[in-house]
Amino acid sequence: MQTASAKILVVDDDPAIRNLIYRFLGQKDYLLESAEDGQTALKVFEQFNPDLVILDVNLPDALGYNLCEQMQRHTDVFILMLTSRADAADKKEGFLKGADDYLTKPFDLQELEYRVKAILKRQRTVTTSEKQPLVFSNMVIDPVRREVKINDKLILLTALEFDLLHFLATRPGRVWRRDELIQNVWDYDYVGDQRVVDVHIGQIRKKIEVDAAEPSFIQTVRGVGYKFEVDATPSVV
C-alpha cells in the first residue's frame, strides 16, 4: 500500500505533543486519529484499524508497553513508542512488548516522519515467489496470511518478529550480521543499540523453538550474527 494513505493513531496525554504530531502528519496526507488515554485509544483502535500507532509510554490510565501488547495480540499493526525515558532497560521493555521503533522526547518532527516512512515501507507488496508458504520440518511460514504454524498450531508473532523470521527463512544458510538484518528488516539505518536484534531473536526463539537455549531454526554464529538453518530441506506448498 502507499504510505501516503496509511492510517495512523496518535496516542499521547500531552495535548501539545498529540496535536503537533496530528497536524504535522496530517499535512503529509496520512489518515489520522488521536487519543489522550489508554481506554480511548483501544476504542479508536478497534474502529479505525490503523496501520501504525504512535504510542506514548506513560498514559494516565495505562502503560504504553501493555497497550502495545494488547493492540498486537490479534493484529500485525506497527507500533512506534514515544517516551521521555532514554535508558536501555526501558527500550528493551518496549521491544519485548512488540514495539517496532522507539523515539525519545523531545524529538525532531523530521526525524519522526523519517521513522514513520521507514516503518510503513515494510508493508511493501510481496512478489509472487515471496507469497508462497515455506515449509521447514514441522513449521509453516505463510507470508500472505502473515502466519506461522508449528504442528498446525498458530504461533502469535508481532509484525516485526514475523518480518525478521520470514527474512531469515527465505535465505537459509546465509549468515547475517546484526547491522545487515537491521538494514534489511527494519529498512533504514537504525542508529540505536544493535542488540535490539538479539532481543527480537530471543522472543522468536521462545515462540518457535522446543528449547530456546538449544535452537533448531535460528542459529547464533558467534562473533558474526545469525542464520536460519534446519535439517529438513525447505519446500513450497
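The values are calculated or read from the model by the stated rules, or taken from the named source; none is laboratory data. Source: prediction; values computed, not measured. As a convention, Cβ positions derive from the backbone with ideal geometry for all residues, glycine included, and neighbour counts pool all protein chains shown. These accessible areas exclude ligands, DNA and RNA; they are computed on the full protein's heavy atoms, side chains included. Shrake-Rupley method; radii C 1.70, N 1.55, O 1.52, S 1.80 Å.
Per-structure values
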| quantity | calculated |
| --- | --- |
| Residue-normalised accessible area of the chain, given per residue in Å² at a 1.4 Å probe | 50 |
| Length-normalised contact order for the chain - Cα pairs under 8 Å, 6+ apart - percent | 15 |
| Relative contact order (percent, whole number), the range 33-125, Cα cutoff 8 Å, 6+ residue spacing | 24 |
| Calculated FRET efficiency for the pair GLU214/PHE107, C-beta based, R₀ 35 Å, to 0.05 | 0.30 |
| Computed accessible area, ASP152, all protein chains, 1.4 angstrom probe, square angstrom | 140 |
| Rounded FRET efficiency, nearest 0.05, which uses the C-beta distance separating LEU154 from ARG222 and R0 of 35 Å | 0.60 |
| Orientation-averaged projected area, Cα convex hull of the chain (nm²) | 12.8 |
| The range 1-125: C-alpha gyration tensor shape, a/c 1.5 cut-off, then a/b vs b/c | rounded |
| Net length gained if the chain between PHE24 and GLU46 were fully extended (0.36 nm per residue, minus Cα distance) | 5.6 nm |
| Listed residue pairs exceeding 31 Å between alpha carbons, taken from LYS105/LYS131; LYS105/LYS149; LYS28/LYS206; LYS28/LYS227; LYS43/LYS227; LYS7/LYS207 | LYS105/LYS131; LYS105/LYS149; LYS28/LYS206; LYS28/LYS227; LYS43/LYS227 |
| Computed helical MRE - 222 nm, the chain, DSSP H runs ≥ 4 contributing -39500 (n - 2.57), nearest 500 | -10000 deg cm²/dmol |
| Carbon plus sulfur fraction of accessible area for the range 1-120, probe 1.4 Å, in percent | 47 |
